[in-house]
1. Any residue at all in the stretch A:9-31 that is buried (at least 20 other Cβ atoms within 10 Å of the Cβ), at the interface with chain B (Cβ under 9 Å from one of its Cβ atoms) and either part of a helix (DSSP H, G or I) or within 25 Å of the chain's Cα centre (by Cα) (or both)?
2. Within the stretch A:112-125, is there a residue that is in a loop (DSSP other than H, G, I, E, B), touching a residue at least 24 places away in the same chain (Cβ under 8 Å) and more than 10 Å from chain B (Cβ to nearest Cβ)?
3. Which residue out of B:482, B:501 is under 29 Å from residue B:262 (Cα atoms), modelled with pLDDT of 95 or more and surrounded by fewer than 22 Cβ atoms within 10 Å (Cβ to Cβ)?
4. Among the residues that make up the stretch B:105-116, is at least one of them away from chain A (no Cβ under 14 Å) and assigned to a strand (DSSP E or B)?
5. Restricting the stretch A:138-172 to residues that are facing chain B (nearest Cβ under 7 Å) and touching a strand residue (DSSP E or B) at 6+ places or on another chain (Cβ under 9 Å), which is surrounded by the most Cβ atoms within 10 Å (Cβ to Cβ)?
6. Return the total of residues in the stretch B:97-112 being within 29 Å of residue A:84 (Cβ to Cβ) and surrounded by 23 or more Cβ atoms within 10 Å (Cβ to Cβ).
7. Among the helices (runs of 4 or more DSSP H) confined wholly to the stretch B:439-516, which include 1 or more residues that are away from chain A (no Cβ under 14 Å) and touching a residue at least 40 places away in the same chain (Cβ under 8 Å)?
8. When you go through (1) surrounded by fewer than 20 Cβ atoms within 10 Å (Cβ to Cβ); (2) more than 26 Å from residue B:328 (Cβ to Cβ); (3) modelled with pLDDT under 95 one by one for residue B:395, which number turns out not to apply?
């Protein structure tokens with residue numbers, strides 16, 4: 001097991017290195033210059049001023065040289081300076097990460113719990129009315145655009161009912177746990193609903209397949225109750241493919257919740273990465289994307305470890 | 001049991017319900033966040049808007065578009081003797097501008113604002129390593145004499161008409177440490193405006209930044225050292241909601257009070273729709289601004305080299321109706337780049353009202369006759385067809401584009417829409433002048449700003465100037481160049497006017513650009529907010545925030 005983890009860690013480092021170069025090159029190949037927007041909005045931005053700023057920000061150097069500088073500093077623990085925020089990258093990254101962690105972890109756990117319950121219930125009587133209802137809900141969750149769902153929630157719970165705040169992370173001058181919770185409810189529910197549909201379909205399909213297996217028939221023949229058969233004998237096996245899907249989703253959640261973050265004004269990683277790419281903030285975009293890659297790699301590693309626990313026949 | 005559950009649900013609902021909103025707070029919703037707050041670095045519209053609550057520039061244009069002093073006792077001009085022409089030691093001509101700072105000005109830690117701060121800011125602003133990029137560059141002043149704590153003379157050279165317009169000062173007693181770095185860009189990394197904007201003493205306006213949640217909101221509270229009129233609101237919050245549909249919903253839910261038009265917030269069509277649905281809930285203001293929406297023509301295109309074709313393009317479009325239908329008539333049709341509210345505006349220019357028949361006549365005279373498919377052709381059989389680009393994803397521009405396309409088609413002109421994301425359009429296509437026909441976008445300028453950047457021949461973007469200019473139309477007219485030089489050097493407003501009139505006349509006659517309209521800034525204002533006055537130019541409404549109050 002230790003050897004496996006070490007090997008995967010080394011692979012992860014190699015992937016991160018390759019990704020850093022690819023991301024840096026792709027951002028560099030995008031049209032335009034980081035200072036274009038400034039030129040547009042600033043009457044004082046003469047060609048001389050722009051040339052001076054390019055030199056200060058190192059934008060007058062070739063792309064490969066800028067990358068090498070970044071890499072050298074990154075290896076020494078310095079992820080560089082965010083041009084748009086005028087702050088070290090870590091100082092921008094950490095608050096965004098914290099916001100995302102709260103949002104993602106809660107919504108992920110919520111959607112996994114919901115998907116497990118709904119997927120199992122649906123799988124018990126495939127084709128029955130309960131299965132039909134759950135499948136309908138799951139497809140609705142998959143199909144409904146997140147921005148529309150978010151907007152509807154704002155209109156119902158904030159505009160009409162005034163139960164919840166429409167956006168933000170806390171009221172100014174409050175910041176209590178209750179206040180934070182109120183601000184989290186709608187974005188968490190939106191994200192959870194969007195993810196639950198897909199997860200439910202996977203759990204259902206995997207459970208239906210597992211419940212038809214020989215060892216389940218044996219477990220029933222041995223006189224085990226239906227609850228024990230489903231939760232102990234079937235669920236553990238059914239989880240193996242589900243874990244892969246969830247692990248992959250977990251990684252993308254860290255960078256992919258852009259719409260939810262934008263709609264509910266949650267300053268998280270998705271929004272930060274998107275803004276930094278648009279504004280050609282190389283250091284920030286690169287660090288954010290690498291972090292999302294790292295989360296994906298780590299969650300996959302955990303998924304692999306979980307396989308061993310779920311199915312002792314799998315050797316790591 | 002059921003009753004207990006119901007009571008529990010009610011209790012939870014009550015606890016979750018939004019608290020009643022007190023009017024000593026004002027929450028403003030914007031669609032962008034100001035990621036850094038140093039007033040002299042990387043100025044953007046949102047940053048300038050935010051800063052106007054807390055730090056005052058030396059001078060600003062007021063709601064009547066008159067230049068006024070905010071930090072000084074009176075505006076120095078040649079007429080009042082505050083500015084005097086001089087010959088510098090190297091023999092060049094210059095102008096000495098004397099400023100006297102208001103005696104009661106203080107930074108938010110109680111330290112007086114003095115000429116030490118002016119000298120510090122000027123010195124830092126003239127240091128190429130500092131990374132300053134403010135609207136009114138400090139290096140216009142080649143030297144500076146400090147007379148006393150409140151009076152100083154800036155020696156501006158060469159002579160420029162904006163000699164008496166200057167931006168925000170920086171507190172020497174706080175920022176001096178950040179300016180100690182020797183390497184280029186050190187100040188950018190060390191300035192407390194970016195690193196710790198809630199530091200006491202950075203601000204000299206009616207409010208100070210007391211909370212800064214990156215990407216989310218900025219909180220202002222009254223500046224205890226402010227000597228001017230006492231601001232009414234105990235707290236002003238600028239909340240960022242990037243999605244404008246969500247921003248609109250936040251207005252309706254009461255989570256935000258005000259959507260400003262002078263900062264990025266709701267678009268004009270969204271405000272018109274909001275007004276139609278909720279006519280009595282808010283006050284709606286549409287303030288014509290300096291943002292000039294227009295279409296640049298690629299003059300190298302053989303068809304566009306003919307003035308008659310360019311004129312026909314303008315005669316063929318009904319700008320008045322377009323503005324009425326799309327924007328409820330709120331955006332004034334433009335004749336040139338100069339806004340009618342600008343002191344240098346002239347109405348004595350060629351105008352091109354909607355005359356489709358005249359457009360067809362001009363095209364026929366230029367050798368373009370309608371073909372069987374309705375599109376004009378010349379003797380060689382070339383179709384009168386142009387690529388027409390604008391910013392992809394900008395709903396309003398795409399709508400305008402469709403209207404214009406259909407109107408030109410009636411006049412036998414084909415336009416092929418080729419939209420690009422803003423980043424590509426401005427980063428490559430206009431910057432490198434690679435468009436082949438028409439390109440539609442908006443351009444913001446300051447009151448009385450010289451058109452040098454967009455019309456002077458040395459501002460045509462080329463590899464030689466590192467694609468630094470914004471003369472995307474490739475205008476290279478010695479007469480225009482001479483007029484720009486003359487307008488920039490003429491200090492007497494009365495003598496400036498005829499030069500500007502000449503420039504506008506040439507612009508309208510040559511039709512290198514198709515003027516569309518001046519964008520109106522759409523404001524959604526709570527009915528209880530009093531004293532709020534939009535300006536329509538780059539010195540935004542919060543510069544007079546101390547006049548705002550709740551009824």
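1. No, that holds for no residue.
2. no
3. B:501
4. yes
5. Looking at residues that are facing chain B (nearest Cβ under 7 Å) and touching a strand residue (DSSP E or B) at 6+ places or on another chain (Cβ under 9 Å), I get A:167.
6. Residues that pass the stated criteria total 2.
7. Details: elements: B:452-455, B:478-489, B:493-510.
Because the criterion is at least 1 residues that are away from chain A (no Cβ under 14 Å) and touching a residue at least 40 places away in the same chain (Cβ under 8 Å), the helices (runs of 4 or more DSSP H) in the stretch B:439-516 that meet it are B:478-489, B:493-510.
8. Only one criterion in (1) surrounded by fewer than 20 Cβ atoms within 10 Å (Cβ to Cβ); (2) more than 26 Å from residue B:328 (Cβ to Cβ); (3) modelled with pLDDT under 95 is unmet by residue B:395, namely (2).
The values are calculated or read from the model by the stated rules, or taken from the named source; none is laboratory data. All figures in this text were calculated on a predicted structure; none of them were measured in a lab. When we count neighbours, we look across all protein chains shown, and the Cβ atoms used for this are built from the backbone with ideal geometry, even at glycine.
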